Every structure is written in C-alpha cells, then in structure tokens.
Amino acid sequence: MTSLPLYHVDAFAGQVFAGNPAAVVPLEHWLDDATLTRIAAENNLSETAFFVEEADRLHIRWFTPVREVDLCGHATLATAFVITRLLRPEADELRFDSLSGELVVRRAGDLLELDFPSRPPQPLESGPTEQLARALGHAPAWCGRTRNPDPDSDKLMAVLDSAQVVKTLAPDSTILRRLPGQGVIITARGDDCDFVSRYFVPKLGIPEDPVTGSAHCTLVPYWSEVLGKNELFARQVSARGGELRCRLEGERVRVAGHCTLYLEGRINF
C-alpha cells in the first residue's frame with residue numbers, strides 16, 4: 001500500500017471556509033500521470049498541487065479533476081504555505097520549477113507573495129466575442145484573450161459594466177465549454193477595491209473557481225493600465241470570495257494573500 005501526506009489549505013483567505021481550497025501532496029518522487037490525475041479527481045477540488053524536491057530544487061505540478069494545467073496560483077500559494085509553515089519554517093523564499101518556468105514565492109509580512117509572469121490580454125476577434133456575449137447573457141464593454149505558449153491554456157476575459165453585474169452573472173456553462181481556450185474571466189471596476197473578478201472553467205470540471213491567482217496574471221496588467229497604477233487591491237467575488245494584494249513589476253505580476261490550514265491527513269491506495 002502507498003501512503004502519502006495530504007494537506008487541504010484555503011488559499012487567499014484568513015479563515016477557513018473562504019478563499020480557494022487546494023490540496024497539497026508532497027512526493028518523494030513523481031508518480032505516473034494517471035495516478036496523479038486519479039488523486040486529483042478523488043480530492044475533487046479545483047486543483048491538487050504535487051511537489052518533489054530533487055537536488056535542492058522544488059518541482060511543482062498542478063492537476064484539476066480532469067487534467068494537468070500549466071499554471072495555478074492558489075495551489076502554489078497553498079504549497080508555499082505548507083512548506084514555510086509546516087515543513088520548512090525557516091524558509092523565507094521558495095523557487096519552484098514548473099511548466100510555466102521558475103516561480104518564486106516569498107514571505108511578505110504575514111502574507112505569502114507569488115511572483116508570476118505577466119500575461120496581458122489582447123483584443124478578441126469578433127466571432128468569439130459574439131459567442132462570449134451569448135454565454136454571459138450580457139454584452140461586455142471589452143473582450144480580450146491571453147496568448148500563452150499552450151493555446152489550450154489561453155483565458156478569455158470580459159470587462160463588464162459594474163461590480164454588481166460581475167457578482168450576479170450566471171453564465172451558460174454549455175456555451176462556455178464551446179469557447180476557445182481554458183476558461184473565462186469576467187471583471188469590472190470595484191466599489192470597495194480596485195477591481196473584482198470571477199473565473200469559470202467548466203472544460204476542466206470547475207464550473208467556477210473560487211479565487212484564481214493565475215487569472216490575475218492577466219487582470220493585473222489590464223487594470224494597471226486602465227487605472228494608471230501598479231499596486232492594486234482586488235477581490236474575487238465568488239460565493240467563497242477572496243482578497244488579493246497585487247503589484248505589476250515590468251513583465252512580472254506579484255500576487256499576495258493569506259492561507260489557512262483546514263485539514264491534514266494521508267492518502268492510502
């Protein structure tokens with residue numbers, strides 16, 4: 001029988017039952033992809049992060065209940081929380097090798113801060129724009145799309161009229177699944193913050209992701225330009241909700257937040 005440690009962490013939240021839950025599974029060596037996918041499906045969270053330490057390097061991978069993805073913010077934050085709070089409390093900075101290159105997480109006071117690549121959106125062509133409006137049931141003020149190395153990981157983005165529209169929108173998941181790319185970000189100026197957002201990923205078995213660090217690789221450069229400032233306070237206004245302290249630094253995006261440990265246990269198979 002194989003037995004693995006498992007940590008369930010609520011990321012981008014200062015208390016349990018909020019933010020985005022992620023599973024974190026430390027490994028001594030990589031298991032085959034089919035097993036990693038089955039573990040993620042059994043956890044049934046939006047992301048399970050697996051990491052291995054080899055020759056003083058940390059390697060991280062992320063799996064939804066359906067497949068591996070190339071970048072995940074909240075599960076990286078959760079992994080850094082497990083390492084710095086439970087496994088290696090002396091660490092102030094972690095460097096992960098990943099499908100998106102080197103990712104750095106640093107302590108920032110009582111927060112943890114992600115250092116991720118900036119992925120600004122480009123204006124969207126007319127065809128997908130019309131499909132996106134039908135999926136949302138609301139005409140966006142602006143539509144964009146990221147350009148990732150893997151086109152299947154692209155995100156569509158729709159800028160809406162107000163924070164209230166973002167909070168109350170109920171997209172058609174059937175149409176969302178037919179749109180290009182991985183998922184759809186909706187966003188607007190905030191009432192009590194710089195901007196709000198939500199993220200829908202039905203293609204990956206995630207109707208709505210509660211708080212999405214990787215989406216802010218796209219949101220931060222967009223709103224930084226619109227609002228004319230590099231430091232931004234954001235809220236993801238899903239049912240669970242989350243808060244993100246963001247900063248644009250050239251071609252990098254810094255995203256900081258709290259994490260809370262909900263559960264610690266073991267996987268046996």
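Say we look at the stretch 77-132 and pick out the residues that are among the β-branched types (Val, Ile, Thr) and under 16 Å from ALA13 (Cα atoms); which of these is surrounded by the fewest Cβ atoms within 10 Å (Cβ to Cβ)?
So in the stretch 77-132, the residues among the β-branched types (Val, Ile, Thr) come out as 79, 82-84, 104-105, 129.
Next, from what is left, pick out any that are under 16 Å from ALA13 (Cα atoms): 79, 82.
Details: THR79: 32, VAL82: 22.
The selected residue is VAL82.
I want to confirm something. Restricting to the stretch 1-55 and keeping residues that are exposed (fewer than 13 other Cβ atoms within 10 Å of the Cβ) and in a strand (DSSP E or B), which single residue is nearest to the chain's Cα centre (by Cα)?
Ranking the qualifying residues of the stretch 1-55, first place goes to GLU54.
Among the residues of the stretch 7-41, write down those that are in contact with a strand residue (DSSP E or B) (Cβ under 8 Å, 6 or more places away or on another chain) and either among the charged types (D, E, K, R) or in the same structural domain as PHE200 (by TED's automatic domain parsing) (or both).
Answer for the stretch 7-41, where residues must be in contact with a strand residue (DSSP E or B) (Cβ under 8 Å, 6 or more places away or on another chain) and either among the charged types (D, E, K, R) or in the same structural domain as PHE200 (by TED's automatic domain parsing) (or both): ASP10, GLU28, ASP33.
Within the stretch 56-87, can you find the residues that are modelled with pLDDT of 95 or more, over 24 Å from PRO210 (Cβ atoms) and not in a strand (DSSP E or B)?
Correct list: LEU87 only.
The values are calculated or read from the model by the stated rules, or taken from the named source; none is laboratory data. In this text, all values refer to a predicted model and were calculated from it rather than measured experimentally. Using ideal geometry, Cβ is built from the backbone for each residue, glycine included, and neighbour counts are taken over all protein chains shown.
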